[in-house]
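Input: a single structure, listed below in structure tokens.
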Amino acid sequence: MNAVPDGLTLLDALPDPAWLVELAGLRVTAANAAAGRLFGCAPEVLIGRAADGLLASPEDLAYWAAAGAGDPGELSSEGVFALSLDAAVPPSPGAAGADAASPTCADPGSRILHASRSIHLVAGSARGAAQALVVVRDRSAEQRSDDERDRRLAELQATLESTADGLLVTDLDGAIRSCNRRFAQMWGLPQELLQRRDDAAIGAWMRRQLPDDEAYGRRVVALRDAPMVPATDRLELTDGRVYERVSRPLWRNGRPQGRVWAFRDLTERIAAEQRIESLERADALTALPNRRCFGEQVEAAVHTLGRNGATFALMVVDLDRFRQVNDSLGHDVGDRVLQDIAARLGGCLRDGDVLARVGGDQFAVLLAPADAQAAETAARRMLNVVAQPSSIDGEHFTLTCSIGIALAPSHGRSADDLVRRAEAAMRAVKASGRAGVRMHQLRAESDRRSDMALEHAMRQALVSGRFRLQYQPQLRLADGLLVGAEALLRWRDPELGEVSPQRFIPVAEESGFIVPIGDWVLAQAVRQAALWHQRGHALPIAVNVSALQFQQPHFVERVASVLAVAGVPAQLLELELTESILLHDADEALARLHALARLGVRLAIDDFGTGYSSLVYLKRFPIDKLKIDRSFVSGLPADSGDAGIVHAILQMARALGKRVVAEGVETEAQREFLQAAGCDEFQGWLYAPALDPLSFEQRLAGAAPERRAPPRIRLVRG
């Protein structure tokens, strides 16, 4: 009976669950506390249990069956075991703790256990009975850790295999530790080479696909000798593929253990970027360089040739009336025409010259090097080839082009300056009739800059109130009576001084600023007419109206509004129009003139005889007065040509029932000639220049209405 306590002492010393089994009856004779914890009960509950009822694996059942037949042997294995107590045989009556008060298992049942189990024969007790020692090591926690590690490794492997990058892991000596399938695919590694894991053969295979295998090898060695240095570079393979190679140190426990190499195929991305860049720099229709690309090439020529002192030419080629092709034949035909023109122009150029399409029907040419003579010669060739007959889909037609030329460095030292000046020269060709060549003129450029500055100053002058009106008297030739006034615009600028109308009016008309200026003049003149009318002087005031102002959609409404606001009779306003109003739309002009006449406004044709004259339209228009231009008056009476023109105008006016005013009368001889010829009125320096409102009103107050004899007028220049 003393053997059991000794056995328990030995068993309790073991850290793992253990119990003794008597081979004669295959019953548990002793168990340690760890065994009780394993089964969830007190150790003494296990005593007397059947040996094959504790670990119910097939292997254990077979072992205990053999042991019961007298062939116990030993057993050691690892696996999954079923722990079961409810099927165990109750303890024998003589077993320790087999009384009525013996404790029981707290939660009888079965559960699965990952463990390693060993069964060894041990010396028997004093009675000499043979026993077996069963030791169980619970590996459930380790198994869970292994399962988690396997799961993570599987996830990592799946991630590595799903990436588009080829991955290679090497140790500090450069030996291959692992790689994914993508790496093998990118480098075309044979399967047998991978299975052999021949690092030298794999490295040689990779180097053979590179144009400079020696440089590649040196780079690999350099990175291997610097294990903590990250690196990123690009590899170009002999077959045209491009790989990005990224290498990073592989760390473990704070120490480098090797390298991870990632290879990314950039071939398609680079090709797409090149296609995008090509589209950004090339014209989609003609495949020629576009404006952006052409500008870069011009800038390059400026820097390259400029340093050498060489000259080059830039030409802008614009097709004349190309819109007619699109409008009549369609845009598809127009596109084919542009392609044909591009081919023709390209055939005129030398190797090294650049042809670009910079607009819808506009091309640009860079001739480098070239002087003025070479540029003009090339331009003439282009004029000739463009003017060759075209035939598309049975349609026959001929195109022409206008070409402007700028030379570097004399006409500019940047692409913007050269293109701008060549375009200005091209527009000058268009204005002079098209189908020609023109070199940029420095004077014209200076004039344009001056016009821009003048336009800006005009806009500031209108806002700042620097414009003013003066009034030139109009007198009746028969008796010298002051019968009207013409409002004339004057401008004194603090920087430019007194600016002549002959200088700023053309700029205002070209820029369109003549419309707001004209509106201002109209309002000021009508306001002055109202003021004089209130003081007892019913004097008509004539206001010049530009063709652009007259063509504004609401011009008639504007005139009516100004008259209504001023409260002045409409017959005190006379609008002086030029013959150019007929050039825009005669029918519309006629309707507008009749609308003005219905308001009661007087109408006059200014500078008559100097522009487009049509007796048919003049007969239809509700015109009250014709004004003979000063260019026909200045030669009177000596110039027979001027005299003949004046007589013809007067005879025509009498036939049409129109009154006539002569402008620019400066001598008594001129006045006498006009009076004798039957002219109705005159204005000019013979009587007075344009006067400020106060001076004019003084003249108006001193006039003698009852006077009938023609006045003897002294020339006044002040």
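The values are calculated or read from the model by the stated rules, or taken from the named source; none is laboratory data. Just so it is clear, the structure is predicted and the values come from calculations on it, not from any experiment. Because the Cβ atoms are built from the backbone with ideal geometry, glycine has one as well, and the counts that use them run over all protein chains shown. Just the protein is used for accessible areas: all its heavy atoms, side chains included, with ligands, DNA and RNA removed. Shrake-Rupley method; radii C 1.70, N 1.55, O 1.52, S 1.80 Å.
Can you find, among Gly702, Ser77, Phe363, the residue sitting farthest towards the positive end of the charge dipole of the chain, where Lys and Arg contribute +1 and Asp and Glu -1 at Cβ?
Towards the positive end, the residue furthest out is Gly702.
Using only the Cα atoms of the chain, construct the convex hull and provide its projected area averaged over every direction, in square nanometres to one decimal. Spell out each step's value before the answer.
Working: hull surface 268.6 nm².
Mean shadow area of the hull around the Cα atoms is 67.2 nm².
Dipole of region 389-430, Cα-centred, from +1 at each Lys and Arg C-beta and -1 at each Asp and Glu C-beta, to the nearest 20 debye?
On the way: 5 positive and 5 negative charges, 65 e Å.
With only Lys, Arg, Asp and Glu charged at Cβ, the dipole is about 320 debye.
Quick one: longest stretch of the chain between exposed loop trypsin sites (Lys or Arg not before Pro), exposed meaning at most 15 other C-beta atoms within 10 Å and loop per DSSP?
Details: sites that count: Arg127, Arg197, Arg208, Arg241, Arg321, Arg350, Arg413, Arg434, Arg535, Arg707, Arg708, Arg712, Arg714, Arg717.
In short, 536-706.
Test of understanding: what is the full-extension gain from Ala586 to Ala300, defined as 0.36 nm times their sequence separation minus their Cα-Cα distance? Intermediate results must be reported in sequence, preceding the final value.
Numbers: separation 286, 0.36 × 286 = 102.96 nm, distance 5.28 nm.
Extending this stretch completely gives an extra 97.7 nm.
If I compute solvent accessible area with a 1.4 Å probe over the protein chains, what percent of it on region 388-484 is carbon and sulfur? Could the numbers behind the result be given before it?
Numbers: 2250 of 4720 Å².
For region 388-484, the apolar C and S fraction of the accessible surface comes to 48 percent.
Determine the dipole magnitude for the chain: charges of +1 sit on the beta-carbon of Lys and Arg, -1 on that of Asp and Glu, nothing else is charged, the reference point is the Cα centre, and the result goes in debye to the nearest 20.
Values: 82 positive and 94 negative charges, 618 e Å.
That gives the chain a dipole magnitude of about 2960 debye.
Cross-chain or 8 or more residues apart, Cα under 26 Å: how many lysine pairs in the chain fit that? Count them up, please.
On the way: Lys619/Lys627; Lys619/Lys658; Lys625/Lys658; Lys627/Lys658.
Value for the chain: 4.
Normalising by the residue count of the chain, find the relative contact order in percent from Cα pairs under 8 Å and 6+ residues apart. Intermediate values should be presented prior to the final figure.
Numbers: 1187 pairs, mean separation 45.3, N = 718.
Normalised by residue count, the contact order of the chain is 6 percent.
In whole angstrom, note down how far apart the Cα centers of region 482-502 and region 646-663 are.
What the calculation gives is 28 Å, centre to centre.
What FRET efficiency, computed as 1/(1 + (r/R0)^6) with R0 = 45 Å and r the Cβ-Cβ distance, is obtained for Thr377 and Arg269, rounded to the nearest 0.05? If you can, show how the numbers build up before the last one.
Working: r = 46 Å, r/R0 = 1.03.
It comes out at approximately 0.45.
For the pair Leu349 and Thr232, what calculated FRET efficiency results from E = 1/(1 + (r/R0)^6), where r is the Cβ-Cβ distance and R0 = 51 Å, to the nearest 0.05?
Numbers: r = 44 Å, r/R0 = 0.85.
The calculated FRET efficiency here is 0.70.
Please report, in debye to the nearest 20, how large the charge dipole of region 430-527 is about its Cα centre when each Lys and Arg carries +1 at its beta carbon and each Asp and Glu carries -1 there. Could the numbers behind the result be given before it?
Values: 14 positive and 12 negative charges, 42 e Å.
It works out to roughly 200 debye.
In square angstrom, what is the accessible area per residue of the chain with a 1.4 angstrom probe?
Values: 36720 Å² over 718 residues.
Dividing the accessible area of the chain by its residue count gives 51 Å².
Would you mind computing, in nm to one decimal, how far apart the modelled labels at Ala204 and Leu329 are, each placed 7 Å from Cα along Cα→Cβ?
It is 6.6 nm.
Among Leu481, Leu496, Ala422, which residue has its Cα positioned farthest towards the positive end of the charge dipole of region 399-520, with +1 placed on the Cβ of Lys and Arg, -1 on the Cβ of Asp and Glu, and the dipole taken about the Cα centre?
Projecting each Cα onto the dipole axis, the largest value belongs to Ala422.
What does the charge add up to near Ala175, with Lys and Arg as +1, Asp and Glu as -1, over the other residues with Cβ less than 13 Å from its Cβ? Before the final figure, lay out the partial values.
Numbers: positive: Arg177, Arg197, Arg224, Arg259; negative: Asp171, Asp173, Asp198, Asp199.
Its environment carries a net charge of 0.
Taking amide H atoms as placed 1.01 Å from N in the peptide plane, list the residues 5 or more away in sequence, or in a different chain, whose amide H sits under 5 Å from that of Val660.
Amide H neighbours of Val660: Leu626, Asp680, Glu681.
Place a label point 7 angstrom from the Cα of Arg413 along the Cα-to-Cβ direction, then list the residues of region 293-335 whose backbone nitrogen is under 20 Å away.
295-314
Need the full-extension length gain, Ala523 to Leu599, defined as separation in residues times 0.36 nm minus the C-alpha distance. One decimal, nm.
Working: separation 76, 0.36 × 76 = 27.36 nm, distance 1.63 nm.
Extending this stretch completely gives an extra 25.7 nm.
What list of ³J(HN,Hα) values in whole Hz, one per residue of region 357-373 in order, does the Karplus curve 6.51 cos²θ - 1.76 cosθ + 1.60 (θ = phi - 60°) give from phi, with Gly and Pro shown as x?
9, 10, x, x, 10, 10, 10, 9, 10, 10, 9, 9, x, 6, 9, 4, 5
Return the calculated 222 nm mean residue ellipticity for the chain, to the nearest 500 deg cm²/dmol, obtained by summing -39500 (n - 2.57) across DSSP H runs with n ≥ 4 and dividing by the residue count.
-13500 deg cm²/dmol
Determine, from the Cβ-Cβ distance of Glu59 and Arg151 and an R0 of 25 Å, the FRET efficiency 1/(1 + (r/R0)^6), rounded to the nearest 0.05.
Values: r = 28 Å, r/R0 = 1.11.
For Glu59 and Arg151, the calculated efficiency is 0.35.
Using modelled amide H (1.01 Å from N, peptide plane; none on Pro or chain starts), what sits under 5 Å from the amide H of Cys401, excluding residues fewer than 5 places away?
HN-HN under 5 Å from Cys401: Asp320, Ala435.
Per Stokes-Einstein, at 25 °C and 0.890 mPa s, what whole-number D in µm² s⁻¹ belongs to region 605-701, with the Kirkwood radius over Cα pairs as the hydrodynamic radius?
Numbers: Rh = 14.2 Å.
In µm²/s, the coefficient is 173.
Between Ala638, Pro622, Leu650, whose Cα lies farthest towards the positive end of the dipole of region 613-655 when Lys and Arg beta carbons carry +1 and Asp and Glu beta carbons carry -1, centred on the Cα centre?
Positive-most Cα among the choices belongs to Pro622.
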